[in-house]
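J.: The following block contains the structure, expressed as structure tokens.
The values are calculated or read from the model by the stated rules, or taken from the named source; none is laboratory data. Every value quoted in this text rests on a predicted model; they were computed, and no experiment measured them. Cβ coordinates were reconstructed from backbone atoms using ideal geometry, including for glycine residues, and neighbour counts include every protein chain displayed.
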Amino acid sequence: MSPRVVKAKKEKEKELRCGFVAIIGRPNSGKSTLLNHIVEEKIAIVSPIPQTTRTMVKGIYTDERGQIVFIDTPGWHRGRDHLDRFMSQACLDATDGVDCVIHLADTSRPIGEEEFQVVDRLKHVKVPIIVGLNKIDLKGEYMAQYISLWEDVKKKKVDEMENFVLLPLSGRDGTQVDKLIDLVFSFMPVGPFFYEQDVISDTPKRQVVADMIREKLFLLTREELPHSIAVVIDEMRPVKGKTTFIRATVLVERDSQKEIVIGAKGQMIKQVGIMARAELENLLETKVFIELYVKTSKHWRDDPSMLADMGYQA
Ligand SMILES: Nc1nc2c(ncn2[C@@H]2O[C@H](COP(=O)(O)OP(=O)(O)OP(=O)(O)O)[C@@H](O)[C@H]2O)c(=O)[nH]1
Ligand SMILES: [Mg+2]
């Protein structure tokens, strides 16, 4: 690069605002949906079942103003096993070293114990906090509760708080998401890009594939079953350049759950494969062939080495 180009690049970088923002909230508040809307692609799985996201997922937004790395986190909840602890830790770790935090609240539901815990954890955060009053398309019946909760914790009225903004929005239909991005940019420091401009995520492909299959299992199975499910990718390879062959094992905790996941005459697992394939073909831009196996593994949620194999490790 010539000295002139280097100088021009440095001048440009002086104007760019680039930084990290963590999206924190209790399970099901819409964090992953918001992330997908921001990057305009489905990079994080979404389901109506709480505790869908199990790892941090980065979504990178770039425009002429700079670059924001949004970090989607597992919903904050207390649990007893290794996986629960890993998920809560991932949520807390995400607030380290970021330039801003978005506390995403579901205004269609009253505040609960988990919300108190989230706010209690965030009250000492030094960086600016944006409270995203989410799901405003559902009319935001409980919005006032979230505002009072923060006022009680900070012992101040909202308009007296510094570095603190409330923003009603909908991550699903996009209401005020542009405004959210504007606000986040206003809190980003000046500096160069962290990622190439066309990168929107850095999640490894195997993790994305495992998550997509797990999402279909979450959508098709009911109640407590999803929390007993994990997906391990045993093999993933290109075949003749045009097809991706994927062999994966679905782990469940009990034999009775294995029967449900397989379904009568294998119908359930077949449906999971069909739905996952359609989405993965889009994502991988190849044809996809999936082989799914179901296995009982009683204590996978509490087995550190199995969790590490699945990418659930610190
Ligand atoms: N009406 C409405 N529903 C939404 C909105 N955002 C998310 N949802 C729904 O809320 C449910 C949970 O969404 P997720 O994006 O998976 O929530 P999450 O906070 O990532 O959940 P965890 O990963 O479990 O912590 C899904 O059924 C979404 O379709 C919204 O703005 N409006
Ligand atoms: Mg999520």
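Condition check ((1) over 20 Å from the mean Cα position of the chain (by Cα); (2) of a type in the set (Lys, Arg); (3) in the same structural domain as His82 (by TED's automatic domain parsing)) across all residues:
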{"position": "Glu215", "(1), (2), (3)": "no, no, no"}
{"position": "Thr221", "(1), (2), (3)": "yes, no, no"}
{"position": "Met236", "(1), (2), (3)": "yes, no, no"}
{"position": "Lys240", "(1), (2), (3)": "yes, yes, no"}
{"position": "Leu251", "(1), (2), (3)": "yes, no, no"}
{"position": "Lys258", "(1), (2), (3)": "yes, yes, no"}
{"position": "Val261", "(1), (2), (3)": "yes, no, no"}
{"position": "Thr286", "(1), (2), (3)": "yes, no, no"}
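J.: When the range 27-43 is examined, which residues are found to be in a loop (DSSP other than H, G, I, E, B) and near ligand 1 (Cβ under 7 Å from one of its atoms)?
T.: Pro27, Asn28, Ser29, Gly30
J.: Across the range 75-104, what is the total count of residues that are assigned to a loop (DSSP other than H, G, I, E, B), closer than 22 Å to Leu166 by Cα and within 15 Å of ligand 2 (Cβ to nearest atom)?
T.: Qualifying residue count for the region: 3.
J.: Moving to a separate point now. Does the range 39-56 contain any residue that is in the same structural domain as Lys179 (by TED's automatic domain parsing), more than 16 Å from ligand 2 (Cβ to nearest atom), on the phi < 0 side of the Ramachandran plot and within 17 Å of the chain's Cα centre (by Cα)?
T.: no
J.: Among the listed residues Val101, Val118, Val125, which satisfies the condition of being closer than 20 Å to Leu180 by Cβ, of a type outside the set (Asp, Glu), more than 15 Å from ligand 1 (Cβ to nearest atom) and assigned by TED's automatic domain parsing to the domain that holds Ile49?
T.: Exactly one residue qualifies, and that residue is Val125.
J.: Related question: Does Glu281 satisfy the condition of being within 21 Å of the chain's Cα centre (by Cα), over 30 Å from Ile130 (Cα atoms), of a type outside the set (A, V, I, L, M, F, W, C) and in the same structural domain as Arg301 (by TED's automatic domain parsing)?
T.: No; evaluated as a whole, the condition is false for this residue.
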